[in-house]
């Protein structure tokens, strides 16, 4: 029983939990996973801002279709994907530092494990591509959790104060590069794999741009 | 004769202009093109920062090779590439606004033309991938020219005050997606084209991250 479970059940009864991975995967009573929660603040960017940004990065309905195609392919592979991603983070000192104990400098196992559970749902939510206001508010919250505003709070982690901005957009590459072989494992044609991969690159870059908002000086986002 | 020509000639005589497109293309007396110029400020990020960032986005020596392979392929196509890129910008209102006259709101032809000349050299410089201190200082300068610190100054353009942050990383996608067909036009194998394209995505994203530095709050980059 996690502290959030009563809240999630309550929201489900109120019909407020209808989007995101939680819909198709009734398991996630994952601590700190708050997509669709009424408690989230409204994002400082609008749906119109989102549409403009999507146009600028050539994000189309074709990409939405490709992402949704990827969901069924990835659904039972999230653990294996996360093994690869965590392996990459663990072997890259400039990344693992963001999961380190602020005093000892050693990776914090409990923090890594807590984030990992949400990361699995994030894969499915990214594939869902339901770009509505609730999704936007959740992106805002995710950004704040990387920024010094709210990092560590969700998991009461004794870690460093922020993920430095530069690594947010950068992570688009390892995440999507290492994802590609998993997209190819369930019989999709090479052309379909290319389309899904390209859609994933756009979808992750789009999100990291939104997550960057708290880092950007006032009026310059 | 442009105002910069004496400076460029002077720097060349002093041996200070040995990197960048200018080396292989003796034409560029392009106004405002200042790669390698002694007048540039030192970047606020170091070569060690750059190496860490490159590791985080899986940028390897293979990517350097692929970029350099692309140079010969792209060298005589820059005009055609820029036709495509400018066509995309012109047809995307949220992008063309950054080239607009601040008062009339209409695209400023002289400004667009001035930037275009440097953009052609930027293609070749990106392919060169000489990631040394001079390159880093030039990235810093390019960032400032997108930011309100120094936008419009180079071309004395009567344009809007800044390029909004969100469009810098976003442009990685249209730039590299529309580049791909040009990479395929000179007989490289499909596998080579894929490698060159992947290297370009990393190289452009890397640069837009560096260009974002002036937008990011103090201590958070």
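The values are calculated or read from the model by the stated rules, or taken from the named source; none is laboratory data. Bear in mind the structure is a predicted one, so any value in this text is a computation, not a measurement. Every residue, glycine among them, receives a Cβ derived from its backbone with ideal geometry; neighbour counts consider all protein chains shown.
Screening residue B:160 against (1) out of contact with any strand residue (DSSP E or B) (no Cβ under 8 Å at 6 or more places or on another chain); (2) surrounded by fewer than 20 Cβ atoms within 10 Å (Cβ to Cβ) leaves a single unmet condition, (1).
None of B:177, B:208 is under 26 Å from residue B:87 (Cβ atoms), free of Cβ contacts under 8 Å to residues at least 60 places away in the same chain, under 12 Å from the mean Cα position of the chain (by Cα) and within 12 Å of another protein chain (Cβ to nearest Cβ) except B:208.
When restricted to residues that are part of a helix (DSSP H, G or I) and either under 14 Å from residue A:98 (Cα atoms) or facing chain B (nearest Cβ under 10 Å) (or both), the stretch A:136-164 contains 2. Among the residues of the stretch B:180-194, just one is closer than 19 Å to residue A:202 by Cα and away from chain A (no Cβ under 12 Å), namely B:181. Residue pairs whose Cβ atoms lie under 7 Å apart, separated by 6 or more positions or on different chains, with the first residue in the stretch B:49-61 and facing chain A (nearest Cβ under 7 Å) and touching a residue at least 24 places away in the same chain (Cβ under 8 Å) and the second outside any helix (DSSP H, G or I) and surrounded by 18 or more Cβ atoms within 10 Å (Cβ to Cβ), are B:53/A:166. The residues of the stretch B:78-93 that are over 13 Å from residue B:167 (Cβ atoms) and not in a helix (DSSP H, G or I) amount to a single one, B:91. Restricting attention to the stretch B:70-100, the residues that are in contact (Cβ under 8 Å) with a residue 60 or more places away in the chain, over 18 Å from the mean Cα position of the chain (by Cα) and more than 9 Å from chain A (Cβ to nearest Cβ) add up to 2. Listed by position, the helices (runs of 4 or more DSSP H) contained in the stretch B:165-221 that have at least 1 residues being surrounded by fewer than 20 Cβ atoms within 10 Å (Cβ to Cβ) and at pLDDT 95 or above are B:172-183, B:190-211.
Of the helices (runs of 4 or more DSSP H) lying entirely inside the stretch B:1-76, the ones with 3 or more residues being modelled with pLDDT of 95 or more are found at B:47-56, B:61-74. Apart from one condition, residue A:131 fits all of (1) in contact (Cβ under 8 Å) with a residue 24 or more places away in the chain; (2) over 29 Å from residue B:217 (Cα atoms); (3) more than 14 Å from every other protein chain (Cβ to nearest Cβ); the exception is (2).
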